[in-house]
Every structure is written in structure tokens, then in C-alpha cells.
Amino acid sequence: MEIYRELDFEGIEFNPQTILYRYIGIEEKNRMTLLTIFKDHNERCRKLAGKDMSPSTVTCYETSYRHTEEFIRFNYQKDDEYLDEVNHQFIRTMNSSLKQSAIAI
């Protein structure tokens, strides 16, 4: 409860995992985020464009990144999502959202 109150007072978004990490002393900084990894992947792919990878494939990856970024902002009002918080519900909601977008186009 003490950690819960500290996090609430600090205005930090938290969940049971966050409380556990604080309790056992794991730094939040070590947690990887979806968009950070996605961006790193796309940067590596951009370097391969025209060599080992088609430029159109790189464009598709960059479009996917933007869609994922917009999805997180719209549905979660956050700039990014921790990987350990990406669950089945996240994927189903994103898939549904992308299908809705495709229908609208």
C-alpha cells in the first residue's frame, strides 16, 4: 500500500507490475517499450533498403509504426506502451482498429 500511495502521489501511471518492480527494486528505465523497439527495427531496415530489403518493405514498416503510434495515443492516451503490457487484449483491439480504418478508406 505504501508503494501504491507513493506512485499515486508521484503521478506515475502504474499497474500491479509497476508496484512489484518498485517493491523488488527493478528500475522502470530497464523496461523496453514497443515503439522504441519498432523504431530501432525500422532504422536498421532503412539501412538495408535497396540492398537486402525492398524500399517498399521499409515504407510498409514505417507506415505500420505510424499506425501503431496513433493507436496507442488514441486508445491509451500515452506516447508508448511497455512491452510487458502488450497483451492479447491490446493486440485484438489494435487489429480491430486497423480493420475499422481499412473499411473507412
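When only C-alpha pairs under 8 Å and at least 6 residues apart count, what is the relative contact order of the chain, in percent? Don't skip to the end; give the middle numbers.
Numbers: 49 pairs, mean separation 25.3, N = 105.
Relative contact order for the chain comes out at 24 percent.
Taking the chain as a Gaussian network, Cα atoms linked when under 10 Å apart, which of ARG46, ARG92, ARG66 shows the biggest mean-square fluctuation?
For the chain, modelled as a Gaussian network with Cα springs under 10 Å, the answer is ARG92.
If each DSSP helix of 4+ residues adds -39,500 (n - 2.57) and the sum is divided by the residues in the chain, what number results at 222 nm, nearest 500 deg cm²/dmol? If you can, show how the numbers build up before the last one.
On the way: 5 runs with 72 residues, N = 105.
Mean residue ellipticity at 222 nm (helix-derived): -22500 deg cm²/dmol.
Can you sort VAL86, VAL58 by 1.4 Å-probe accessible area, starting with the largest?
Values: VAL86 45, VAL58 10 Å².
Per-residue accessible area, sorted high to low, gives VAL86, VAL58.
Expected output is a single nm value to one decimal: the length gained when fully extending between MET53 and ILE26, i.e. 0.36 nm times separation in residues minus the C-alpha distance. What is it? Spell out each step's value before the answer.
Values: separation 27, 0.36 × 27 = 9.72 nm, distance 3.80 nm.
Taking 0.36 nm per residue and subtracting the Cα distance, the gain is 5.9 nm.
HN-Hα J couplings of the range 31-40 from phi, Karplus 6.51/-1.76/1.60, θ = phi - 60°, integer Hz, Gly and Pro as x?
Per-residue couplings from phi come out as 7, 8, 10, 4, 5, 5, 5, 4, 5, 4 Hz.
Which ³J(HN,Hα) values, rounded to whole Hz and listed in residue order, are derived for the range 81-91 from phi using the Karplus coefficients 6.51, -1.76 and 1.60 in 6.51 cos²θ - 1.76 cosθ + 1.60 with θ = phi - 60°, glycine and proline given as x?
Calculated HN-Hα couplings, in order: 9, 5, 4, 6, 9, 7, 10, 4, 5, 4, 5 Hz.
Return the sequence-ordered ³J(HN,Hα) values of the range 6-20 in whole Hz as given by the Karplus equation 6.51 cos²θ - 1.76 cosθ + 1.60 applied to θ = phi - 60°, using x for Gly and Pro.
Listing the rounded values in order: 4, 5, 5, 5, 6, x, 8, 5, 9, 9, x, 4, 4, 4, 4 Hz.
State to the nearest 20 debye the size of the charge dipole of the range 37-98 about its Cα centre, where the only charges are +1 on K and R beta carbons and -1 on D and E beta carbons.
In debye, rounded to 20, the range 37-98 gives about 260.
Which of rounded, prolate or oblate describes the chain when judged by the alpha-carbon gyration tensor and an a/c cut-off of 1.5?
On the way: a/c = 3.32, a/b = 1.74, b/c = 1.91.
Taking the square roots of the gyration eigenvalues as a ≥ b ≥ c, the chain is oblate.
Using the alpha-carbon centroid of each, what span in Å lies between the range 82-98 and the range 1-76?
Computed from Cα coordinates, the inter-centre distance equals 12 Å.
The values are calculated or read from the model by the stated rules, or taken from the named source; none is laboratory data. Because the structure is predicted, anything quoted here is derived from the model rather than measured. Glycine gets a Cβ as well: all are built from the backbone with ideal geometry, and neighbour counts include every protein chain shown. These accessible areas exclude ligands, DNA and RNA; they are computed on the full protein's heavy atoms, side chains included. Shrake-Rupley method; radii C 1.70, N 1.55, O 1.52, S 1.80 Å.
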